[in-house]
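Shown next, in structure tokens, is the structure this report addresses.
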Amino acid sequence: MIYYIVGYGIMNEWSVAIGESTCAARLWAAPTTAGGKAHIEVREMTRVALERCKTAKEAVLLMGKLAEDLGFYAADWSGGDASKGEGGEALTVIDKTEAWVFHVLADDTGTSAVWCAQRVPDNHIAA
């Protein structure tokens with residue numbers, strides 16, 4: 001197994017690659033280590049996806065399931081205005097044939113997640 005990480009998972013041996021951008025969100029959750037109920041953050045989600053997935057679509061579906069099942073918390077989970085500005089994540093997930101844009105944030109219970117993903121159509125770009 002070969003995959004590259006620098007805090008976040010970057011690419012694996014099947015050429016699945018992930019780019020990260022923090023984004024605003026109205027909802028946020030605290031991790032269990034701080035008394036919250038959420039268990040996973042974007043860094044761990046990208047690493048698990050690159051360890052297990054051979055396609056971008058598989059990675060998107062796995063990260064969405066992990067966020068729902070384990071509860072998602074963002075890099076800034078302290079609350080207030082800072083968390084609203086950094087409570088979500090936008091990931092670009094690509095392989096040799098497809099590109100996806102994946103968004104995730106905590107749900108209103110702090111125990112799951114709200115996420116969506118869309119495939120970038122062939123001959124299109126996403127910014």
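The values are calculated or read from the model by the stated rules, or taken from the named source; none is laboratory data. Since this is a predicted model, take the numbers as computed values, not measurements. Methodologically, a virtual Cβ is constructed for each residue, glycine included, from the backbone with ideal geometry; neighbour enumeration extends over all protein chains shown. Just the protein is used for accessible areas: all its heavy atoms, side chains included, with ligands, DNA and RNA removed. Shrake-Rupley method; radii C 1.70, N 1.55, O 1.52, S 1.80 Å.
What to note about this one:
- T111 being polar (S, T, N, Q), surrounded by 15 or more Cβ atoms within 10 Å (Cβ to Cβ) and under 21 Å from G7 (Cβ atoms): no
- Test result for V120, modelled with pLDDT of 95 or more and within 16 Å of the chain's Cα centre (by Cα): no
Yes/no matrix, rows are residues, columns are (1) open to solvent by 30 Å² or more (accessible area, probe 1.4 Å); (2) modelled with pLDDT of 95 or more; (3) in a strand (DSSP E or B); (4) among the hydroxyl-bearing types (S, T, Y):
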site	(1), (2), (3), (4)
W14	yes, yes, no, no
I18	no, yes, yes, no
R26	yes, no, no, no
R43	yes, no, no, no
M63	no, yes, no, no
W77	yes, no, no, no
S83	no, no, no, yes
C116	yes, yes, yes, no
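- Residue in region 47-56 that is within 20 Å of E13 (Cα to Cα), in a helix (DSSP H, G or I), of a type in the set (D, E) and open to solvent by 40 Å² or more (accessible area, probe 1.4 Å) present: yes
- One residue from A67, A99, A30 being in contact with a Gly (Cβ under 9 Å, 6 or more places away or on another chain), surrounded by 16 or more Cβ atoms within 10 Å (Cβ to Cβ) and among the small types (G, A, S): A30
- Residues within region 65-75 that are under 16 Å from Y8 (Cα atoms) and either basic (K, R) or at pLDDT below 95 (or both), tallied: 3
- The numbered conditions (1) among the hydrophobic types (A, V, I, L, M, F, W, C); (2) surrounded by 13 or more Cβ atoms within 10 Å (Cβ to Cβ); (3) assigned to a loop (DSSP other than H, G, I, E, B) are all true for A126 except (2).
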